[in-house]
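Have a look at the structure below before the remarks.
The values are calculated or read from the model by the stated rules, or taken from the named source; none is laboratory data. Since we're looking at a predicted model, the values are computed, not measured. Here the Cβ positions follow ideal geometry from the backbone for every residue, glycine too, while neighbour counts run over all protein chains shown. Protein only, heavy atoms only, side chains kept; ligands, DNA and RNA dropped before computing areas. Shrake-Rupley method; radii C 1.70, N 1.55, O 1.52, S 1.80 Å.
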Amino acid sequence: MMHEPIFEKEFFIPSYLVDQETFLTIPALFSLLQEVAWEHVEFHETGRDYLMQFNLFWALIRMHVEISRLPKWKETIIIKTWGKEVDLLTHPRDYEIFDTHGNLLIAVTSHWVILDTTYFKPQILPELDSSLYTCKNLHAIEKKAPKIKKIDISSSSASQFHPVLYSDIDMNQHTNNAKYIQWFIDNIEIDDFRIEKIKNITVNYLSQSKIGDFYGIIVQNITEQHLVSTIFSKDDDREFCRIEVNLQ
């Protein structure tokens, strides 16, 4: 199943992870990417249980996804992932997703940090041996996941605010990264929008939202094929995340 330091896993696409056109949804894609990252670090005993000994946890801060084709219901896909060399406080990780014929469907690059559970500040853990899951000079996408420019919240306002719900929260007691994608997609008001038209998507995770928070969403159409969005707090305009999408 694996040859170090690349982790590889097959997934069958079930009906509950696809949309009305039977394509794998983008939130489901992000959930699968998260899962294989967890499994990879857990295999090398550097996962959640290990970090919790030091009151630390892994957190995703940026992800960029390039899509050639989304897989569909009843397809089997192969996800490969590996870490890249640590960049200061950031732990880059790449992914490639293939069909059973060896065709590359999706390429991904991401950035993770280790946060403390009290102040949620990035930490260095000298005991962590990242070389166990790191490939040098191997890239699914060579460039780093980009930073998205800030949207001026003061001159815009969300049409409504929504509470963070119990079903949005993950084991780290904050909103799961895939939920932000779901919130964004559910708020797009473009006629004839289909997720299979997404060419690439970038997400910058800026702060955590939790039970009791209310969030608003602003989506700006730069062009018909280019969207940018921010998801922010009702109370203080603090941004939870920014999303940028290019359509085919």
Practice item. Place a +1 charge on the Cβ of each Lys and Arg in the range 152-248 and a -1 charge on the Cβ of each Asp and Glu, then give the dipole magnitude about the Cα centre in debye, rounded to the nearest 20. Key: 220
Revision key, fill the gap. Note, the range 11-17: 3J(HN,Hα) by Karplus (6.51, -1.76, 1.60, θ = phi - 60°), whole Hz, Gly/Pro = x, goes 9, 8, 7, x, 5, 7, 10
Study note, to complete from the structure: Between Lys234 and Glu85, the two model label points (7 Å from Cα along the beta-carbon direction) sit apart by a distance in nm of 4.7
Check your understanding: Among rounded, prolate and oblate, which fits the range 90-132 when a ≥ b ≥ c are the square roots of the eigenvalues of its C-alpha gyration tensor, a/c under 1.5 means rounded, and a/b larger than b/c means prolate?
Key -> prolate
Practice item. Would you compute, for the Cα atoms of the range 175-218, the largest minus smallest coordinate along each principal axis and list the three values in descending order, in whole Å? Key: 34, 19, 15
Check your understanding: Over 21 Å between Cα atoms, which of Lys149/Lys199; Lys121/Lys143; Lys144/Lys197; Lys150/Lys234; Lys143/Lys210; Lys9/Lys84 qualify?
Key -> Lys121/Lys143; Lys144/Lys197; Lys143/Lys210
Check your understanding: Any idea of the accessible area per residue across the range 11-150, 1.4 Å probe, to the nearest Å²?
Key -> 50
Point to revise | Prolate/oblate/rounded call for the range 178-248, Cα gyration tensor, a/c under 1.5 rounded | key: prolate
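Tell me the Kirkwood radius of the range 104-248: reciprocal of the mean inverse pair distance over distinct alpha-carbon atoms, in Å. Before the final figure, lay out the partial values.
On the way: mean 1/r = 0.0583 Å⁻¹.
With all distinct Cα pairs of the range 104-248 included, I get 17.1 Å.
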Point to revise | the chain, helix-only ellipticity at 222 nm - DSSP H runs n ≥ 4, -39,500 (n - 2.57), divided by all residues, nearest 500 | key: -4000 deg cm²/dmol
Review point. Hey, any idea what % of the chain's accessible area is carbon plus sulfur with a 1.4 Å probe?
Key: 49
Review point. Once phi is turned into θ = phi - 60°, what whole-Hz ³J(HN,Hα) does the Karplus curve with 6.51, -1.76 and 1.60 give for every residue of the range 205-211, x standing for Gly and Pro?
Key: 8, 9, 7, 8, 10, 9, 3
Review point. Tally Lys/Arg at +1 and Asp/Glu at -1 over every other residue whose Cβ is under 9 Å from the Cβ of Ile78; what's the total?
Key: -2
Review point. How large are Rg and Dmax for the range 18-117 when only the alpha carbon atoms are used, in Å?
Key: 14.8, 45
Review point. Taking the Cα centre of each part, how many Å lie between the range 67-88 and the range 116-175?
Key: 18
Exercise for review: With a/c under 1.5 counting as rounded, go ahead and sort the chain into rounded, prolate or oblate using the C-alpha gyration tensor (a ≥ b ≥ c being the square roots of the eigenvalues; past the cut-off, prolate if a/b is larger than b/c, else oblate).
Suggested key: oblate
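Highest first, please rank the peptides 235-247, 163-175 by the mean number of other Cβ atoms sitting within 10 Å of their residues. Show your work: numbers first, answer last.
Working: 235-247: 18.2, 163-175: 14.5.
The densest-packed peptide leads the list: 235-247, 163-175.
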Check your understanding: ³J(HN,Hα) across the range 55-67 via Karplus (A = 6.51, B = -1.76, C = 1.60, θ = phi - 60°), whole Hz, x for Gly/Pro?
Key -> 6, 10, 8, 6, 9, 7, 10, 8, 8, 10, 10, 10, 10
Revision key, fill the gap. Any residue on another chain or 5+ positions along whose placed amide H is under 5 Å from the amide H of Arg238 is listed here as Ser233
Review point. When ranked by the protection proxy of mean other Cβ atoms within 10 Å per residue, highest first, what sequence do the peptides 124-135, 25-36 form?
Key: 25-36, 124-135
Review point. Among residues other than Asp152 whose Cβ falls under 13 Å from its Cβ, what is the net charge (Lys/Arg +1, Asp/Glu -1)?
Key: +1
Practice item. List the residues whose amide H sits under 5 Å from the amide H of Trp112, counting only those 5 or more places along or on another chain, with H placed 1.01 Å from N in the peptide plane. Key: Ile61, His91, Arg93
